[in-house]
Amino acid sequence: MSIEIDHVNKHFRDFVAVDNVSLTFNEGELTALLGPSGSGKTTLLRIIAGLEQPDTGRIRFHGEDTTDKHVSQRGVGFVFQHYALFKHMTVFQNVAYGLTVRPRQSRPSKADINAKVMHLLELVQLDWTAHRYPHQLSGGQRQRIALARALAVEPKVLLLDEPFGALDAKVRAELRRWLRRLHDDIHVTSVFVTHDQEEALEVSDRVVVMNKGRVEQDGSPEQVYDTPANPFVYRFLGNVNLFHARLHDGVARIGDIQLPAPEFHGYHNERGEAYVRPHEIEVLATRQHDDALHSQIELVSVIGPTVRLELRTNNTETLVHAELSKHHFHSLGLKQGSDAWIRPTHSRIFLPDERVANG
Amino acid sequence: MTLSPAEWEAIRLSLLIGLAAVAWILPPGIAVAWWLARHEFRGKAIVDGLIHLPLVLPPVVVGYLLLVALGRQGVIGQWLYSTLGISLPFTWQGAAVASGVMAFPLLVRALRLSLEAVDPKLEAAASTLGASRWRIFTTITLPLAVPGLLTGTVLAFARALSEFGATITFASNIPGETRTLPLALYTLIQTPGQEATAARLCIIAIVIALLSLIASEWLARRTRQRLQERDG
């Protein structure tokens with residue numbers, strides 16, 4: 001079941017939560033809505049579910065307009081950040097809830113409900129908790145029960161609001177891989193909200209980056225990471241270095257460095273900003289190229305197999321972050337306080353008013 | 001000590017009127033508490049104030065207002081009598097109405113606090129699972145507010161038992177009909193030479209009040225513990 005969001009607007013008093021958003025979520029896809037807090041991603045999710053009403057705009061499920069349908073009639077599964085399990089009911093009763101509240105004529109028999117609930121509990125690998133209460137389970141287990149409860153009503157779409165946000169790092173990583181595998185098995189159209197870029201890139205088929213109620217970029221995890229549409233996406237998805245550049249006749253100049261910028265051919269001595277990821281900074285122990293920036297290593301931090309460097313360039317005093325493998329770093333023979341030469345291997349250049357171009 | 005028939009009569013009437021009062025205020029009390037807990041609207045403070053008025057008004061004023069509204073010549077009373085043949089003043093049902101009105105704010109207060117503490121996300125979760133608003137209320141909201149419901153009910157019952165001013169004004173002091181424990185006690189005090197009997201009634205009133213408080217405390221603690229264990 002595809003979901004179509006058609007020019008949706010929503011404001012709370014004078015705060016614009018969702019600003020004229022149009023999107024389509026494809027059938028069977030797992031999409032991440034990624035953005036900082038206040039970017040409107042959760043509001044958009046709640047509008048899809050019917051927990052909020054848009055001021056203007058329509059929501060369609062598989063072409064059918066559901067904007068005016070009550071949340072209880074939409075057939076969505078919703079998973080909340082803090083699980084929202086019914087604490088006065090057992091795990092079994094929680095998962096069975098969506099089936100037992102059906103009107104009598106469409107309610108499955110007791111035996112059917114029983115079989116279905118036990119099947120779902122097996123799916124989330126928690127069948128042994130059926131007669132426990134939510135408070136007796138860990139956070140990760142509770143979130144799996146919440147997911148089983150949402151799946152019990154056979155939702156047409158599955159919506160997850162920061163589903164792993166309340167869990168510690170290790171459980172979070174485990175659970176998101178598990179969600180990915182589960183999604184590959186059941187293939188229900190799913191949208192999940194997160195502010196964690198790593199989570200979005202790892203789990204989803206597609207990432208929608210939101211900021212200030214608007215969609216900044218919509219694409220595959222690779223697309224949004226490798227070719228960010230604008231400086232916001234660049235900054236939000238991982239660390240980035242910013243260099244001030246001069247654009248002149250298809251060339252971007254950063255100090256002595258010249259980078260090809262063919263899309264700026266008609267420009268003459270225009271100001272630009274070059275965005276370079278830390279792993280796209282080449283670090284050299286000796287001056288092998290003319291176009292390298294002389295700098296000094298201020299800080300070395302070793303994080304497992306990678307080394308992160310903080311360098312300060314000698315002429316512009318800019319702080320530059322570089323990332324390289326521990327092996328490579330050791331082969332360079334550098335240490336804290338050493339002189340080093342750096343050059344960007346890849347960059348993307350934006351004009352200061354955020355018009356976009358590749359470099 | 002054995003109780004005299006008149007004492008038994010007063011105890012029976014007190015319990016009957018107390019229970020009847022709680023029974024009739026429960027449905028509107030739950031509805032009003034839920035409405036106040038879950039809705040924001042213009043003039044909410046005024047509605048809130050009106051509901052709490054019986055707590056601060058002299059009970060005689062409430063009794064008098066009831067007489068104006070529900071008396072045989074009253075605005076609603078006239079209609080009740082002419083169409084349904086019901087007349088409330090000077091009956092035990094009237095006494096139940098009067099003590100119920102006095103107990104209403106206590107029920108609403110306790111219940112409302114409990115309802116406000118129920119996480120709206122649980123209700124939202126239930127609605128995404130297809131439950132109707134009524135279904136959500138009966139299966140999620142109310143069960144989670146049971147401690148407040150119990151506390152409110154017992155407080156209201158105790159208030160109804162001890163109600164004096166509004167009852168005597170609206171339903172009068174009729175032996176075997178509206179003469180509850182406080183009214184019987186008042187009558188005895190007014191009669192010379194009945195001090196010993198009055199003291200006995202006084203003790204009975206204390207015992208009943210204590211018993212209901214202990215029972216409610218025990219019940220409330222048990223349910224609260226059950227719910228709290230499941231917190232977190």
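Under a crude label model (7 Å from the Cα following the beta-carbon direction), how far is A:HIS135 from B:THR2 in nanometres?
Label-label distance for A:HIS135 and B:THR2, simple model: 5.1 nm.
How many percent of DSSP beta bridges within segment A:53-210 run antiparallel, rounded to 5?
The antiparallel fraction comes to roughly 20 percent.
What are the membrane-span-like helices in chain B by this rule: whole DSSP H runs, Cα extent along the axis at least 30 Å, mean Kyte-Doolittle hydropathy at least 0.5? It would help to have the intermediate numbers written out before the result.
Numbers: long enough: B:5-38 (48 Å, 1.11); B:92-116 (35 Å, 0.98); B:195-229 (50 Å, 0.59).
Sorted by number, the helices that extend far enough and score high enough are B:5-38, B:92-116, B:195-229.
Can you give the longest stretch of chain A with no exposed loop site, where a site means trypsin sites (Lys or Arg not before Pro) in a DSSP loop (not H, G, I, E or B) with at most 11 other C-beta atoms within 10 Å?
After excluding every exposed loop site, the longest remaining stretch is A:14-286.
By how many nm would the segment from B:SER132 to B:GLN194 grow when fully extended, if each residue of separation counts as 0.36 nm and the alpha-carbon distance is taken off? Can you show the working numbers first?
Details: separation 62, 0.36 × 62 = 22.32 nm, distance 5.98 nm.
Extra length available between B:SER132 and B:GLN194 comes to 16.3 nm.
Tell me the per residue accessible area of segment A:3-236 using a 1.4 Å probe; a whole number in Å² is fine.
On the way: 9890 Å² over 234 residues.
Heavy-atom accessible area per residue stands at 42 Å².
Between B:ARG221 and A:GLU222, what is the label-to-label distance in nm when each label sits 7 Å out along the Cα-to-Cβ direction?
6.6
So what's Rg/Rh here for the protein assembly as shown, counting alpha carbon atoms and using the Kirkwood radius for Rh? Present the calculation step by step, with values, prior to reporting the outcome.
Details: Rg = 35.3 Å, Rh = 29.8 Å.
Across the protein assembly as shown, the Cα-based Rg/Rh ratio is 1.18.
What's the buried accessible area, both sides, between B and A using a 1.4 Å probe, rounded to 100 Å²?
Looking at B and A, the buried total is near 2100 Å².
Of B:SER14, A:SER109, which has the most accessible area and how do the rest follow, probe 1.4 Å?
Values: B:SER14 5, A:SER109 60 Å².
So the residues, ranked largest to smallest area, are A:SER109, B:SER14.
What's the percent breakdown of Cα-Cα distances in segment A:192-241 across 10 Å bins, shortest bin first?
Spelled out per bin, shortest first, that is 27, 64, 9.
Relative contact order for chain A: what is it in percent, counting Cα pairs under 8 Å that are at least 6 residues apart? Write down the numbers at each step before the final one.
On the way: 758 pairs, mean separation 55.6, N = 359.
Relative contact order for chain A comes out at 15 percent.
In terms of solvent-accessible area of protein heavy atoms at a 1.4 angstrom probe, what is the ranking of A:MET1, A:MET89, highest value first?
Details: A:MET1 50, A:MET89 20 Å².
Final ranking, largest accessible area leading: A:MET1, A:MET89.
May I ask for the distance between the Cα centers of segment B:37-100 and segment A:120-167, given as a whole number of Å?
49
Looking at the square roots a ≥ b ≥ c of the eigenvalues of the Cα gyration tensor of segment A:201-359, which shape do they give, rounded for a/c under 1.5, prolate if a/b is larger than b/c, or oblate?
Details: a/c = 2.29, a/b = 1.22, b/c = 1.87.
Because a/c hits 1.5 or more and a/b fails to exceed b/c, segment A:201-359 counts as oblate.
To the nearest 20 debye, what charge dipole does segment A:114-251 have about its Cα centre, counting +1 at the Cβ of each Lys and Arg and -1 at the Cβ of each Asp and Glu?
Details: 17 positive and 19 negative charges, 87 e Å.
Approximately 420 debye in magnitude.
Please check chain B for the longest run free of trypsin sites (Lys or Arg not before Pro) that are loop-located per DSSP (anything but H, G, I, E, B) and have at most 15 other Cβ atoms within 10 Å. Don't skip to the answer; put the middle values down first.
Values: sites that count: B:ARG42, B:ARG72.
Here the longest segment lacking exposed loop sites spans B:73-232.
With charges only on Cβ, +1 for K and R and -1 for D and E, what is the dipole size of chain B about its Cα centre, in debye, rounded to 20?
Numbers: 18 positive and 13 negative charges, 103 e Å.
Using only the charged Cβ atoms, the result is roughly 500 debye.
Provide the FRET efficiency to the nearest 0.05 for the A:LYS335-A:GLN125 pair, computing r from the beta carbons and using R0 = 30 Å. Before the final figure, lay out the partial values.
Numbers: r = 48 Å, r/R0 = 1.60.
E between A:LYS335 and A:GLN125, to the nearest 0.05, is 0.05.
Per residue, how many Å² of accessible area does segment B:15-179 show with a 1.4 Å probe? Walk me through the numbers before you get to the answer.
On the way: 7520 Å² over 165 residues.
Spelled out: the 1.4 Å probe surface of segment B:15-179, per residue, equals 46 Å².
Straight distance only, please: which aspartates and glutamates reach the Cα of A:LYS335 with their own Cα at less than 13 Å, same-chain residues fewer than 8 apart left out?
Once the sequence-local aspartates and glutamates are set aside, what remains near A:LYS335 is A:GLU298, A:GLU310.
Going by the alpha-carbon gyration tensor, a ≥ b ≥ c the square roots of its eigenvalues, is segment B:130-178 rounded (a/c under 1.5) or, if a/c is not under 1.5, prolate (a/b greater than b/c) versus oblate?
Working: a/c = 4.87, a/b = 2.94, b/c = 1.66.
In terms of gyration-tensor shape, prolate.
Where does segment A:3-236 land on Rg(C-alpha)/(2.2 N^0.38 Å)? Mind dumping the intermediate values first?
Working: Rg = 17.8 Å, N = 234, 2.2 N^0.38 = 17.5 Å.
Against the compact-globule rule of thumb, the ratio is 1.02.
Can you give me the pair-distance distribution of segment B:15-179, C-alpha pairs, 10 Å bins, whole percents?
Pairs per bin, as whole percents: 11, 33, 31, 18, 7, 0.
With charges only on Cβ, +1 for K and R and -1 for D and E, what is the dipole size of segment A:3-236 about its Cα centre, in debye, rounded to 20? Walk me through the intermediate numbers first.
Numbers: 29 positive and 30 negative charges, 219 e Å.
So the dipole magnitude of segment A:3-236 works out to roughly 1060 debye.
Using r as the Cβ-Cβ distance of A:HIS82 and B:LEU19, and R0 as 56 Å, what FRET efficiency do you calculate, to the nearest 0.05? Walk me through the intermediate numbers first.
Numbers: r = 41 Å, r/R0 = 0.73.
Once the sixth-power term is evaluated, E becomes 0.85.
Among the residues of segment A:117-156, which ones have their accessible area go down by 40 Å² or more when all the protein chains sit together, as opposed to their chain alone (1.4 Å probe)?
By number: A:HIS135.
List the lysines whose alpha-carbon lies under 18 Å from that of A:LYS212, not counting same-chain residues fewer than 8 positions away?
A:LYS10, A:LYS41
For a quick check of understanding: with a 1.4 angstrom probe and all protein chains in place, what accessible area in square angstrom does A:LEU247 have, to the nearest ten?
Approximately 0 Å² of A:LEU247 is accessible to the 1.4 Å probe.
Could you check what % of the DSSP bridge pairs in chain A are antiparallel, to the nearest 5? Mind showing how you got there, number by number?
Details: 60 of 78 bridges.
Antiparallel: roughly 75 percent of the beta bridges in chain A.
Any chance you could look up the accessible area of A:HIS7 with a 1.4 Å probe, heavy atoms only, rounded to 10 Å²?
About 100 Å², rounded to the nearest 10.
So if we plug the beta-carbon distance of A:GLU263 and A:ASN20 into 1/(1 + (r/R0)^6) with R0 = 25 Å, what FRET efficiency do we get, rounded to 0.05? Numbers along the way, then the final one.
On the way: r = 28 Å, r/R0 = 1.13.
In this case the efficiency is close to 0.30.
If the cut-off is a Cα-Cα distance under 17 Å, which aspartates and glutamates reach B:LYS121, setting aside same-chain residues fewer than 8 apart in sequence?
Straight-distance partners of B:LYS121: A:GLU52, A:ASP161, A:GLU162, B:ASP231.
List the residue ranges in chain A for DSSP H helices whose C-alpha atoms run 18 angstrom or more along the long axis and whose Kyte-Doolittle average is 0.0 or above.
Details: long enough: A:110-123 (20 Å, 0.29); A:139-152 (20 Å, -0.14); A:169-186 (25 Å, -0.96).
What comes out of the filter, once short or polar helices are dropped, is A:110-123.
Using a 1.4 angstrom probe on heavy atoms only, work out the carbon and sulfur share of the accessible area of the protein assembly as shown in %.
Details: 15960 of 28320 Å².
Exposed carbon and sulfur together represent 56 percent of the surface.
Please identify the GluC sites (Glu not before Pro) of segment A:1-92 that satisfy two criteria: DSSP loop assignment and at most 16 other Cβ atoms within 10 Å. Which are they? Don't skip to the end; give the middle numbers.
Working: sites: A:GLU4, A:GLU27, A:GLU29, A:GLU52, A:GLU64; in loops: A:GLU27, A:GLU29, A:GLU52.
Here the sparse-neighbourhood loop sites are A:GLU27.
Between A:THR67 and A:LEU284, with labels modelled 7 Å along Cα→Cβ, what's the label distance in nm to one decimal, could you check?
In this crude spin-label approximation the distance works out to 5.9 nm.
The values are calculated or read from the model by the stated rules, or taken from the named source; none is laboratory data. Since the model is a prediction, treat every value here as computed from it, not as a measurement. So basically every Cβ, Gly included, is an ideal-geometry build from the backbone, and we count neighbours across all protein chains shown. When the accessible area is computed, the model is the full protein with side chains, heavy atoms only, and any ligands, DNA or RNA have been set aside. Shrake-Rupley method; radii C 1.70, N 1.55, O 1.52, S 1.80 Å.
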